[in-house]
Structure formats: structure tokens, C-alpha cells
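A short worksheet on the structure shown next.
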Amino acid sequence: MSSTSTSIPSFAGGLLSGLSARIKGSPRLKQLASWLLFQPRRARPRIWVRWLANPLVHRYAPGSLVRRARRDLIPFHAFELGRHAILEDQVTVAN
């Protein structure tokens with residue numbers, strides 16, 4: 001068992017870190033990645049990111065409650081909500 005808390009296999013982790021470095025080093029790739037993730041003139045991520053990518057990265061513990069909170073999360077940094085935590089209506093969570 002590895003000491004990291006992610007569930008990404010080591011070969012995929014190396015592949016993703018290499019891809020990440022390549023994107024960060026190229027202004028055109030960085031602009032393309034930004035366009036794929038974010039809507040123009042809005043800070044919210046695109047709908048496919050919210051529906052497909054975020055559930056794979058972000059975790060909500062059993063007993064946590066998310067009311068109509070705005071979650072502007074992107075899959076770069078994992079977000080974990082603890083047990084019995086509550087996010088109320090007027091909250092915006094962004095990473």
C-alpha cells in the first residue's frame with residue numbers, strides 16, 4: 001500500500017505529472033486547458049467538469065450535508081468534506 005491518500009496507480013500518477021508539466025510549460029496548451037475547464041467570462045467550471053471529473057476527485061464523507069451551496073471546484077486539488085459537515089445555501093466553495 002502506498003503512503004499517499006490518492007487512489008491513482010503509480011504509473012498513471014507519473015503520466016499525469018508529466019502531462020501537467022507539459023501543459024504548464026506551454027502557453028498554448030495552458031490556454032487550451034483553461035478553455036476546456038472554464039466557461040468564457042465566468043469563474044465556474046464547465047458542466048462536464050462538474051458532472052464527470054469532479055466526482056472522481058472530490059469526496060463527501062458519510063453524514064455530510066450539502067444544501068444548495070455553489071461548488072466551483074476544479075479537479076486540480078482534492079476537496080474533502082468531513083463527517084457530519086454542513087454546507088448551507090449561501091456558501092461558495094472554490095479551490
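Readers should treat all values here as calculations from the given coordinates under stated rules, not as data from a laboratory. This is a predicted model, so every value here is computed, not measured. Cβ sites come from the backbone with ideal geometry, for glycine too, and all protein chains shown count toward neighbours.
Once the C-beta distance of R83 and L52 is scaled by a Förster radius of 22 Å, the resulting FRET efficiency is 0.30 to the nearest 0.05. Taking amide H positions as modeled 1.01 Å from N, with prolines and chain starts lacking one, the residues under 5 Å from L81 and 5 or more places away or on another chain are R59, Y60, A61. Remark: the V66-R42 segment gains 6.4 nm on full extension, using 0.36 nm per residue and subtracting the alpha carbon distance.
Treating only the Cα positions of the stretch 17-80 as identical point scatterers, give the base-10 log of I(q)/I(0) from the Debye formula at each q in 0.24, 0.26 Å⁻¹. Cα-only, vacuum Debye calculation for the stretch 17-80: -1.13, -1.23. Under a 5 Å amide H cut-off, with hydrogens placed 1.01 Å from N, F38 pairs with R46 among residues at least 5 apart or on other chains. For the stretch 44-94, averaging the sequence separation of C-alpha pairs within contact (under 8 Å, six or more residues apart) and dividing by the residue count gives a relative contact order of 42 percent. Checking every one of the chymotrypsin sites (Phe, Trp or Tyr not before Pro) in the stretch 43-95 against DSSP loop status and a limit of 14 other Cβ atoms within 10 Å picks out F76. Based on every Cα atom in the stretch 44-94, Rg and the maximum pairwise Cα distance Dmax equal 10.7, 28 Å.
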